[in-house]
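Here's the structure, in structure tokens; my notes come after.
Computed from the coordinates by the stated procedures, all read-outs in this text should not be read as laboratory data. Note that the structure is predicted; figures quoted are calculated from it, not measured. Reconstructed Cβ throughout: ideal geometry from the backbone, glycine too, with neighbour counts over all protein chains shown.
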């Protein structure tokens, strides 16, 4: 449709564009720019070309942080997406399970800070819920300083993440499964297919787009994960739970390395964008191949 | 057909127990003194004294954090709703030069992680003296919410029949009148969704709040709670009470509006 005057569309867009450009686009360009400088944030920046990137790629803590976030992503694909899918299968299999679906979503809306502080208590070796449980089943020797132990800290965070987000993926899969036409599953049931078979062989392939998006969210969201890591362990003990984002914040705000931190930001952002791009390419291809 | 019902019930019950245990433990511990928290983690508290919630709320300063969060959340959500719906209306309904490129710019924002810009944003806000004010967080939160809000609103508007707008045009409606009297009323379901994810995102946001707010009296709930937890680091009863006081009202609101809230938090990711 033609606007009544040439300028009105721009007037409509102006407020949104102002906030978005000022708060996001401009700083994003600034971050890329800053990544080519050695800068403590106060003195004159020194142009260093790609040296910050070279340093990042040789920084063992930074490289390890990608390893950690990789473990986290793989663990959460199982603890969040897979469990969410199984829960959705159970909840949609018969009537009367809706209250579970509604209840399991609760942690998704609570502040991560609240959840992190609560779970720090749950893992507490002196009075935590896990310690209480191990005492109750007569295995107090199994107790550990969970978040202070290199062997357990990262797994503990993955576990909490699963506790929060399984309900989120349950909600997403539930919405997807509701859209599978009843005729198809009923026809299969009449042909004598068992309900678990109908779920895995018919419903799950049909909601392919839903679990593809879920995997994408889980992977790209995982790479950006910060709050849980920062509050529960702040990267410790001995960098065992350091992820790219916590290391970035440490570099910029504790070590005052604005330039170096910016290069880390650019690397992490690129990783997220590349994964998103590859996903959209793969999806375009598969959409051509199978259209249900 | 339905003979395995009890297996599913059992599985779900076990999972729910594991799921609910920390939350129940939190609420019960708020009524227990430190010795009771240490010695009897599973028992019911021997008395229920609700005064501890009042202590957390007023003495601990939660009320202050709550007011700050409410103010920033309300303003941010309003600005996002207004500016994103205006922009979405223009993108959805008008032909104009550069509309594709401008839309692309917004869509980039859908993919950008906060890490891609917060370092320079911090420097920019420092330079412009925008940090550490009562409303400092509104600008970054609005910027954060706009891309998805614009995109969702545009999707809603795209699905409306164009005859609606053409009829209004024939009746002599101006561009703004069409937004005000045709588009805006039809956006209602979209408004609920966008309001929910903007408001919850703002209410819970942690990283930017931590960087931009140092002044105790401007802190929002997430960073306020962290301050609280280091200040009263050994008063576990008070800490459990604080967690409970923040959590319970959110759960009550969620139960009342669960359909809208689930939709608000999942719809954006499905599209």
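Observations, loosely collected:
- Comparing Cα centroids, the range A:123-179 and the range A:11-75 end up 32 angstrom apart.
- Spin-label model, residue B:105/residue B:135: points 7 Å from Cα along the beta carbon direction are separated by 2.4 nm.
- Relative contact order of the range B:1-142, pairs being alpha-carbon contacts under 8 Å that are 6 or more residues apart, as %: 22 percent
- Ratio Rg/Rh [Cα only; Rh per Kirkwood] for the range B:114-177: 1.25
- Taken residue by residue and averaged, Cβ atoms of other chains lying within 10 Å of the Cβ of B:19-30 number 4.
- Note on residue B:177 and residue A:137: with the Förster distance fixed at 60 Å, the Cβ-Cβ geometry gives a FRET efficiency of about 0.30.
- Helix B:221-231 and the long axis of chain B differ in direction by around 30°, with both axes built from C-alpha atoms.
- Mean residue ellipticity (222 nm) of chain B, computed from DSSP H runs ≥ 4 via -39,500 (n - 2.57), nearest 500: -22500 deg cm²/dmol
- The range A:208-228 versus the range B:119-179: alpha-carbon centroid distance in Å: 26 Å
- Spacing of the two label points (7 Å from each Cα toward its C-beta) at residue B:5 and residue A:59, in nm: 5.8 nm
- Choice from A:163, A:146, A:200 with maximal GNM fluctuation in chain A (Cα, 10 Å cutoff): A:200
- Expressed per residue, the C-alpha convex hull volume of the range A:11-114 stands at 220 Å³.
- Convex hull of alpha carbon positions in the range B:130-261: directionally averaged projected area 10.7 nm².
- A Förster radius of 41 Å, combined with the Cβ-Cβ distance separating residue A:144 from residue B:59, puts the computed FRET efficiency at roughly 0.70.
- Label-point gap, in nm, between residue B:39 and residue B:20 - each point 7 angstrom along Cα→Cβ: 2.9 nm
- Per residue, the average separation of C-alpha pairs within less than 8 Å and at least 6 apart gives chain A a relative contact order of 29 percent.
- The GNM of chain B, with springs linking C-alpha atoms under 10 angstrom apart, assigns the highest mean-square fluctuation among B:221, B:139, B:114 to B:114.
- GNM flexibility winner over chain B from B:120, B:16, B:47 (Cα, springs under 10 Å): B:16
- Taking only the Cα atoms of chain A, the ratio Rg/Rh comes out at 1.05, with Rh defined as the Kirkwood radius.
- Cα long-axis angle, helix B:5-29 against chain B (0 to 90 degrees, to the nearest 10): 70 degrees
- Three principal axis lengths of the protein assembly as shown [C-alpha, angstrom, descending]: 77, 75, 50
- Span per principal axis, largest first, for the Cα atoms of the range B:25-89 (Å): 60, 24, 16
- Against chain B, whose longest principal axis comes from its Cα atoms, helix B:188-204 is set at around 40 degrees.
- The value obtained for chain B, namely the Cα convex hull volume divided by the number of residues, is 195 Å³ per residue.
- Ranked for footprinting exposure by Cβ neighbours inside 10 Å, fewest first, B:142, A:282, A:122 give A:282, A:122, B:142.
- Centre-to-centre separation between the Cα atoms of the range B:210-245 and those of the range B:43-74: 10 Å.
- Across the range A:165-243, the convex hull enclosing all Cα atoms gives 103 Å³ per residue.
- At an R0 of 25 angstrom, the distance between the Cβ atoms of residue A:254 and residue A:155 translates into a FRET efficiency of 0.45.
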